Every structure is written in C-alpha cells, then in structure tokens.
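The values are calculated or read from the model by the stated rules, or taken from the named source; none is laboratory data. Model, not experiment: these values are computed from the prediction. For neighbour counting, all protein chains shown are included, and Cβ atoms are generated from backbone atoms with ideal geometry for every residue, glycine included. The protein model used for the area step is the full one, side chains on, heavy atoms only, and it has no ligands, DNA or RNA in it. Shrake-Rupley method; radii C 1.70, N 1.55, O 1.52, S 1.80 Å.
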Amino acid sequence: KNQVEQSPQSLIILEGKNCTLQCNYTVSPFSNLRWYKQDTGRGPVSLTIMTFSENTKSNGRYTATLDADTKQSSLHITASQLSDSASYICVVSAKSGAGSYQLTFGKGTKLSVIP
Amino acid sequence: DTAVSQTPKYLVTQMGNDKSIKCEQNLGHDTMYWYKQDSKKFLKIMFSYNNKELIINETVPNRFSPKSPDKAHLNLHINSLELGDSAVYFCASSLRMTQYFGPGTRLLVL
C-alpha cells in the first residue's frame, strides 16, 4: 500500500531560525515527489517537484532533498519568517498505468513561526 | 487575474440536498482535479480530468459526479448530501507536473 509519512506533525520555531521537515514514503513505482505549502484557509501552493534523478532542489529559502534509495525527502527552511507559518504537505506520485498516475498525500507538518 | 477560481466560497446546506461547485482555470492547462480536505486537514484526490476524459477516479461515492463542459471548467455535482460530506473542496489544474490550486469551497452540511 502506498503511504507517505511526515514528521514532525507540528513544529514551533523562532523567527530567523532554520528548520527541517521530513517525509518518508513507500510508493512505487516512483514518479516524482512534491512539497506544497498551505496557508490557513487557502489552497496548497507548489514549492518543489523532484523526479527520481534529482536529489536536491531549491526555491528561495526552501530547499528540498530526495534520497530515492532510502525513500526519504526533507524540506529545509532557512532563516524562517512569520509568513512561513503554514502546513507543509509532501506528495508522492506513482505511475499507475498508461498515461495515468496516483498521488499519495502526507498529512502535513504544521509549522508555526513565532517572533 | 485569478488562475484557478471556485464558486461558491462557502456553501451551507441541509442533508439530502443536491448542490454543485464550479471551477474555472484560465491557465490553459490540460488537466483539472477535485480534492477533498477533511477536518483533519488531510487532502484526498477525488477526480481528475484530462482533455475531458476521466483518468483518475478514486473510490468516492457515486453521489459525486464531475462535469467538464470544456477544458477550462470542471464542476463538481453532489447528490443527496450527507453530514460526512462537510469539508473543504479544492479544485486544481496542472500542466505537466505542477499543480495550481483554487481557494477552496467550504461545504457545511447540516
């Protein structure tokens, strides 16, 4: 069964500090892994997408890593800002047939950045 | 201009009613989706449409039916609403791998 586990479930950090969110998955055949940011009351926004051959990708202060061997990904946030307070969702895509794919969502990590 | 828009933003209705949620995207994307996010904030994909063909249909009740009049629209019709249908419903569209989500429709069934 395809699963995506995220940790921690929630995290509180001080403004300006760095943090790392974890995502472990058991999805196959693997196609790509995505990180989304979802602000309260808003729809998710894509941060990064990584395929099998990519092991790191950055988007501003966000850096995602992927280890396809251990089936782990992390999202590192540098110099956090109050606006980083949101839920971060890991999504793994698996190929499931000709031209189709299956998305498995993690339950998210709720990050709170405090002044 | 809003890339992916949904209407209504809020929907409060009684059990047993039939309701529709509309979604439009002006990005020219080929694929559109409907997601349900429950009270625990867990996102689940319900449907996706690619060029008016259903390519993913997760195990959702047949009371839910997606309707796509054209490539820019994917509406969600729900028959005989139940209490458990209360959730936030997100529409999304994509070109290749990046998805763009709408603002969500908050449905409350009383």
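Quick check on my link table: of A:K95/B:K40; A:K57/A:K107; A:K1/A:K95; A:K17/A:K71, which ones sit more than 18 Å apart, alpha carbon to alpha carbon? Over 18 Å Cα-Cα: A:K95/B:K40; A:K57/A:K107; A:K17/A:K71. Give the Debye-formula value of log10 I(q)/I(0) at each listed q (0.10 Å⁻¹), with one equal scatterer per alpha carbon of chain B, two decimals each. The Cα Debye sum returns log10 ratios of -0.25. In this label model, A:S53 and B:T7 are separated by 4.5 nm, measuring between points 7 Å along each Cα→Cβ vector. The mean number of partner chain beta-carbon atoms within 10 angstrom of a residue's beta-carbon across peptide A:108-115 is 1. Report B:V109's accessible area, 1.4 Å probe, all protein chains in place, as a number in Å² to the nearest 10. Using a 1.4 Å probe on the heavy atoms, I get roughly 10 Å². Rounded to the nearest angstrom and listed largest first, the equivalent-ellipsoid semi-axes of region A:1-54 from its Cα gyration tensor are 23, 14, 13.
In the full protein context, region B:56-97 carries 47 Å² of accessible surface per residue, based on a 1.4 Å probe and ignoring ligands, DNA and RNA. Surface composition of chain B: carbon and sulfur atoms hold 49% of the protein heavy-atom accessible area at a 1.4 Å probe. Inter-chain Cβ neighbour count for A:38-45, averaged per residue, equals 5 (cutoff 10 Å, partner chain atoms only). Accessible surface comparison of A:D84, B:D38, probe 1.4 Å, protein chains only, largest first: the order is B:D38, A:D84. With one equal scatterer per alpha carbon and no solvent term, the Debye-computed log10 I(q)/I(0) for the protein assembly as shown at 0.08, 0.09, 0.13, 0.18 1/Å reads -0.29, -0.37, -0.77, -1.36. Mean separation of Cα pairs under 8 Å and 6 or more residues apart, divided by the residue count, gives chain A a relative contact order of 37 percent.
Apply the Kirkwood formula to chain A: the hydrodynamic radius equals the inverse of the mean of 1/r over all pairs of different alpha-carbon atoms; give it in Å with one decimal. Kindly include the intermediate steps, with their values, before the conclusion.
On the way: mean 1/r = 0.0703 Å⁻¹.
Taking the inverse mean of 1/r over all distinct Cα pairs, chain A comes out at 14.2 Å.
On average, how many beta carbons from a partner chain sit within 10 Å of the beta carbon of a residue in B:39-48?
Working: counts 0, 2, 7, 5, 12, 3, 5, 0, 0, 3.
Whole-number average of other-chain Cβ neighbours for B:39-48 is 4.
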